[in-house]
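My questions will all concern the structure given below.
What follows is calculated from the coordinates using simple rules that are stated; it is not laboratory data. As the structure is a prediction and not an experimental result, all values here were calculated from the model. Cβ atoms come from the backbone with ideal geometry, glycine included; neighbour counts cover every protein chain shown.
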């Protein structure tokens, strides 16, 4: 489990207040996708926008990801999610609980996990390396993006802003 910087949490808090839960989740997924793409072995990460399953994946690295932002600290993946993740050597759940700031995040290693509702606690098996990468990368990206761009009315504007800010941070 990890948390982002205070500034990143404050920006996310504004997003949670101004956006519907679905729209916030969509934008959170885009932030996560950009940061995962900066992992050298996952530069080919494909974002399954909308209702795709899994939410994103890297064929070269053999990773499949489900990305969730939920108020509850229990996450349940449906049978379609489990089935799609089973096609990858490495399956992960990236989850953020939005009940109260600072928002805790997990990168749960789903390999061997039971297909039942999962309580996000210290008892879940995590991917420490990816958590460390996301902690820094997401904090930097969210801070550089700011709440105005995160909460822009048009989703396409937000997606292009996230990509542009991430490219600038990496250069």
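How far is helix 155-170 tilted off the main Cα axis of the chain, in degrees rounded to 10, range 0 to 90?
90
Follow-up question, since we're still on this one. What number, rounded to the nearest 500 deg cm²/dmol, is the helix-based mean residue ellipticity at 222 nm of the chain, given -39500 (n - 2.57) per DSSP H run of at least four residues and division by all its residues? Numbers along the way, then the final one.
Values: 5 runs with 76 residues, N = 171.
Dividing the helical sum by the residues of the chain leaves -14500 deg cm²/dmol.
Nearest-5 percent of antiparallel DSSP beta bridges in the stretch 2-165?
65
Continuing with the same structure: Can you give me the C-alpha center-to-center distance between the stretch 1-38 and the stretch 100-128, rounded to a whole angstrom?
Cα centroid to Cα centroid, the span is 17 Å.
What residue among 153, 114, 102 shows peak mean-square fluctuation when the chain is described by a Gaussian network model with Cα springs under 10 Å?
Taking springs between Cα atoms under 10 Å, the residue moving most is 114.
Just want to confirm a number: the relative contact order over the chain, from Cα pairs under 8 angstrom separated by 6+ residues, in percent.
The value is 28 percent.
Relative to the longest principal Cα axis of the chain, at what angle does helix 128-150 sit, 0 to 90 degrees, rounded to 10?
The angle comes out near 30 degrees.
Along Cα→Cβ, 7 Å out, is where each label goes; now give me the distance between the ones at residue 154 and residue 49 in nm to one decimal.
1.3
Still on this model: Points 7 angstrom from Cα along the Cβ direction at residue 122 and residue 41: gap in nanometres?
Label-label distance for residue 122 and residue 41, simple model: 2.8 nm.
So how do 3, 157 line up by other beta-carbon neighbours within 10 Å, fewest first?
157, 3
Roughly what angle does helix 21-37 make with the longest principal axis of the chain, taking Cα atoms, 0 to 90 degrees, to the nearest 10?
That works out to roughly 80 degrees.
Quick check: from the Cα gyration tensor, does the stretch 26-104 come out rounded (a/c under 1.5), prolate or oblate?
Oblate.
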